[in-house]
Amino acid sequence: MATLLIRNLDEVVAERLRVQAQLKGVSVEEEAHRILLEGTTLTREEALRRIMEIRARQKPHKSRAAGLIREDRDR
């Protein structure tokens, strides 16, 4: 497992995290772990949306790769 150190965390954010953890009856570390896990997990729909956004930004590929492979194979 990795260890994460967060420097210069705003006191207000740290206090909110502490209160959230207390309300749920868990440690601050457990609550931070849960928040990070939920925040970094993509649903299938989110992943597909991001993939489509990236594809839309890319220019069409103009390579003749298949043709070049056939030419090289036929030599």
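The values are calculated or read from the model by the stated rules, or taken from the named source; none is laboratory data. Worth saying up front: this structure is predicted, and the values here are computed from it rather than measured. Every residue, glycine among them, receives a Cβ derived from its backbone with ideal geometry; neighbour counts consider all protein chains shown.
Annotation for region 20-32: at least one member residue is part of a loop (DSSP other than H, G, I, E, B) and surrounded by fewer than 10 Cβ atoms within 10 Å (Cβ to Cβ).
So that you can scan it fast, the table gives a plain yes or no per residue for (1) among the hydroxyl-bearing types (S, T, Y); (2) within 15 Å of the chain's Cα centre (by Cα); (3) modelled with pLDDT of 85 or more:
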| residue | (1), (2), (3) |
| --- | --- |
| E38 | no, yes, yes |
| R50 | no, yes, yes |
| Q58 | no, no, yes |
| A66 | no, no, no |
| R75 | no, no, no |
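A single entry from E45, E15 fulfils the requirement of being loosely packed, with under 10 Cβ neighbours inside 10 Å and among the acidic types (D, E): E45.
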